[in-house]
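Please read the structure below before turning to the comments.
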Amino acid sequence: MIVIAGPCVYENDDIAFKTCDFLMNLCEKYGFGYVYKTSYDKANRSSVHSYRGPGIEKGIKFFEKLKKEYNVKILTDFHSEKEAEIIKDYVDILQVPAFLCRQTDILRAAAKTGKVVNVKKGQFMAPWDMRNVVEKLKFFGARDIMLTERGYSFGYNNLVVDFRSFPIMREFCDSVIFDVTHSVQLPGGRGDVSGGEKRFAPYLARSAVACGVDGLFMEIHPNPDIALCDGANMLDFKMTEKLLDEVKKIRDVLWM
């Protein structure tokens, strides 16, 4: 199983390196593959005044430093065809954001890079409708496709996870990932920012692992209370270690 984890958005080298070091060691301890994730730009923040990130140029410089220091695999999201072409040489996995998962030109841009592509299932998408997304990617040449479940809109400012989506999506993609922390998000729940209920994250993660997902996606921060983005649903180091310990035990019982 792989763990795709890191801060929501790049804030500074200290937080980024500290988180990467912690997660690499933790995944090695439990025998999980590790992929570092962070965003250089969050184009879908609730408010125009919210922190979006340093931008693609500073993001590239950071990814170069991270690769040199840790030689770790990196995942990041992108928001335009131009960005895909620019960022492809600095990361291992390109992520299509949930709100863009139906955009044909975005999917084509991701596929044309030749990278592994991870598509976040839109909050408005049924799991069986993601087959069309996969078919688009394959048509444009993508060879390694991951789909990530991140919850479905359930009324206003709320998400719910349908665990049937894991076996359904596995029928037509290479890997199914569960986004632990965005699934407990309350989109726009605080008016100008999103809220979150991180206390439910372990329950959903354990259930997803029992369903046989190929990996977990999590946003992790040394101190989520002061994070510049998505702090309400990010996990701290202590909570992350406890969760991965539980996940390891479940996998050992059910899937080894």
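The values are calculated or read from the model by the stated rules, or taken from the named source; none is laboratory data. Computed from a predicted model, the values in this text were never measured in an experiment. Positions of Cβ are backbone-derived with ideal geometry, glycine not excepted, and every protein chain shown enters the neighbour counts. These accessible areas exclude ligands, DNA and RNA; they are computed on the full protein's heavy atoms, side chains included. Shrake-Rupley method; radii C 1.70, N 1.55, O 1.52, S 1.80 Å.
Taking 0.36 nm per residue of sequence separation and subtracting the Cα-Cα distance, how much length would be gained by fully extending the chain between K68 and E85, in nm to one decimal?
4.0 nm
Each residue of the range 75-81 is assigned a 3J(HN,Hα), and the resulting list reads 10, 8, 8, 9, 10, 7, 4 Hz, derived from the Karplus form 6.51 cos²θ - 1.76 cosθ + 1.60 (θ = phi - 60°), x at Gly and Pro. Taking 24 Å as the limit for the C-alpha separation, the pairs K18/K198; K65/K88; K58/K121; K65/K249; K37/K242; K73/K112 exceed it in the case of K58/K121; K65/K249.
The value obtained for the chain, namely the Cα convex hull volume divided by the number of residues, is 114 Å³ per residue. In this structure, the amide hydrogen of L186, modeled 1.01 Å from its nitrogen in the peptide plane, lies closer than 5 angstrom to those of G195, G196, E197, counting only residues at least 5 positions away or on a different chain. Element breakdown for the range 1-137 at a 1.4 angstrom probe: carbon and sulfur atoms account for 46% of the accessible area.
Rounded, prolate or oblate for the range 157-256? Axes are the square roots of the Cα gyration tensor eigenvalues, ordered a ≥ b ≥ c, and the cut-off for rounded is a/c under 1.5. Taking the square roots of the gyration eigenvalues as a ≥ b ≥ c, the range 157-256 is oblate.
The residues of the range 160-238 present an accessible area of 39 Å² per residue when probed at 1.4 Å with all protein chains retained.
Here the 3J(HN,Hα) profile of the range 126-132, calculated from phi with Karplus coefficients 6.51, -1.76 and 1.60 at θ = phi - 60°, is 6, x, 5, 6, 6, 4, 5 Hz, Gly and Pro shown as x.
For the range 13-135, the per residue solvent-accessible surface stands at 47 Å², with DNA, RNA and ligands left out and a 1.4 Å probe. The residues packed around K112, meaning those with a beta-carbon under 15 Å from its beta-carbon, carry a net charge of +1 if Lys and Arg are +1 and Asp and Glu are -1. Placing a pseudo-label 7 Å from each Cα along the Cα-to-Cβ vector at I250 and F200 gives an inter-label distance of 1.5 nm. Expressed per residue, the C-alpha convex hull volume of the range 50-111 stands at 91 Å³.
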